[in-house]
Amino acid sequence: MTVARTPSRKHSSTPGQRPGRPPRSSQRSGRPAAPQVYDPVEVEVTLERPAHGGYSVGRHEGRVIFARLGVPGERVRVRVTEPKPKASFWRGEVVEVLEPSPDRVPSPWPEAGVGGVGGADWAHVRLPVQRGFKTAILNEQLTRAGVDLAALAQAPEVLALPRDADGAPGAGLGWRTRVQFAVENGRPGMRPARSHAVVTAGSNPLAVEAIRALEVESHRFDGVSSLEVAVSSRGEVCVALGLESPDAPRDPRALAGLVPEAWGECVSVLALVPRADRAGRDEVVVRGSAALVERVDAGRFGVREFEVSGTGFWQVHPEAAAALVATVLEFAEVQPGESVWDLFSGAGLFTAFLADQVGPAGRVLGVEGAAQAVLDAKANLATYPQVELARGDVLQWLHRWQREGAVDAPDLVVLDPPRSGAGVDLAREVGRIAGQRIVHVACDPASLARDVLQYQENGWSLRAVRAFDLFPMTQHFETVALLGR
Ligand SMILES: C[S@@+](CC[C@H](N)C(=O)[O-])C[C@H]1O[C@@H](n2cnc3c(N)ncnc32)[C@H](O)[C@@H]1O
């Protein structure tokens, strides 16, 4: 057994359990059990394969070890911070590489190493190999869930966007147009993986140059708890400062002192002031504009511009929106006059291009939960009489639609849910209602597999899958799936 205990661990008891701690629950006192605290342990492992979540998996004495910052094939020492004795698996970080993989490279983001910020899970691996891991994880998630891949012309593969192609200068770096900082005691930073701490993000090489030029971490932001930066495809920069106190002023002049002088007049700044009941936040434009303009060139499907709130959702990689629109439309083969649902429609990205395809005789219904996104979409789609927008939770909206029978069932349903996916209930209902095609866009392969299985159980089969590495250096990627009856 190669378990190296940390120097602080002096006595032995149950492995990983701090000696002398009280038992889990105290039946006699009836008081709630104190949370269990563990001393970290270090174990030596040979990493075997990549796993969902940015981990490499190995085994130690029969127990599965999920290790961050490793590479499959390596022999490593892993530090496990919560070594629960009865757990079937432990999670940890590679603190020493004993036998390195030839695919290991120096990380371009040293601050994202051991104990550092999360969000660069595979930065220490050659870029094409990162994509290979993502391809393996996508296939594993689909097959493990029981999704039938037999009707696919080719096995699912995660592809690079043009600017990240092998050999392209700066491939995999400088793509992040949206970055969130946490602020603690006035000091901005980022959070480590699975932690609430705030640590220095430093060089942040995944961010676009306009974000790095702000040098956010060299400024203080007293009274601020979060800071989000967004840069549009036209280079406009918008910073949203989340204030801590509902008592903060709503007058832009009184908030101007929050903005570092070094940022100059070109940077728009918003203050998000929590309401007294904490039910929402008032948005105060301290300087510049609250909206960004995003241009999307989707090749043969046209070019469109979108106005998006600086705090609203937009695809993060500069080439993401165009790649997703082109793939969704290529898969969907929309015909003039068709009826389409665009569920989780955001600021109307797919809705607009779908509306072009169905033409004036067709109909596109967009459903979105975020109020500001619906306002943005209304403005972006004002010239399309064939578009209707609904605001609300998609599943609740669908139940209402079923009760009221308000519109005809759609020929095509496009869904682009958040990371948690559509969910079993929504996927089941969409599977029952959709006429001929479903195009499902997913940023998490596990929830995609679960949702696709649900479609499959309602008589649909997976016809095409195309995945993109929209988040190089991280564990994330995006998949577009076409389902047919
Ligand atoms: C991944 S984004 C996609 C937006 C849009 N398709 C795009 O590409 O710009 C997911 C969207 O779903 C919205 N959303 C999340 N959960 C929702 C729910 N339960 N009901 C309605 N909308 C939801 C979010 O506000 C967000 O705009």
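Segment 210-240: which trypsin sites (Lys or Arg not before Pro) are DSSP loop and have at most 14 other beta-carbon atoms within 10 angstrom?
Working: sites: 212, 220, 234; in loops: 220, 234.
Loop-located and lightly packed - 220, 234.
Per residue Cα convex hull volume for segment 97-173, in cubic angstrom?
On the way: hull volume 10.9 nm³, N = 77.
Cα convex hull per residue, to the nearest whole number: 142 Å³.
Ranked from largest, the principal axis spans of the Cα set of segment 160-216 equal 41, 26, 15 Å.
Each residue of segment 396-485 gets 85 Å³ once the volume of the Cα convex hull is shared out per residue.
Accessible area per residue for the chain, computed on protein heavy atoms with a 1.4 Å probe, is 45 Å².
Cross-link partners of residue 84 among aspartates and glutamates, defined as those whose alpha carbon lies under 15 angstrom from its own and excluding same-chain residues fewer than eight positions apart: 39, 42, 61. The relative contact order of segment 237-332 comes to 24 percent, based on Cα pairs under 8 Å that sit 6 or more residues apart.
Building the convex hull from the alpha-carbon atoms of segment 285-433 and averaging its projection over directions returns 9.3 nm². Can you give me the % of accessible surface on the chain that is carbon or sulfur? Probe 1.4 Å, all protein chains present, nothing else counted. Its accessible area is 50 percent carbon and sulfur atoms. Between residue 105 and 125, 126, the built amide H atoms are under 5 Å apart, and every one of these is 5 or more places off in sequence or on another chain. Relative contact order, whole percent, for the chain stands at 12, derived from Cα pairs under 8 Å and 6 or more residues apart. Amide H contacts for residue 95 (H built 1.01 Å from N in the peptide plane; partners 5 or more residues away or on another chain; cut-off under 5 Å): 77, 78, 79.
Residue 392's amide H: which non-local residues (gap 5+, or another chain) put their own amide H closer than 5 Å, with H modeled 1.01 Å from N in plane and none for Pro or chain starts? So residue 392 has HN proximity to 368, 369.
Reported to two decimal places, what Rg/Rh ratio describes the chain when computed on Cα atoms with Rh from the Kirkwood expression?
Numbers: Rg = 24.4 Å, Rh = 24.7 Å.
With Rh from the inverse mean 1/r over Cα pairs, Rg/Rh is 0.99.
Normalised by the number of residues in segment 409-485, the mean separation of alpha-carbon contacts (under 8 Å, six or more apart) gives a relative contact order of 33 percent.
The values are calculated or read from the model by the stated rules, or taken from the named source; none is laboratory data. Just so it is clear, the model here is predicted, and its values are computed rather than measured. Methodologically, a virtual Cβ is constructed for each residue, glycine included, from the backbone with ideal geometry; neighbour enumeration extends over all protein chains shown. For accessibility, only protein heavy atoms count, side chains too; no ligands or nucleic acids. Shrake-Rupley method; radii C 1.70, N 1.55, O 1.52, S 1.80 Å.
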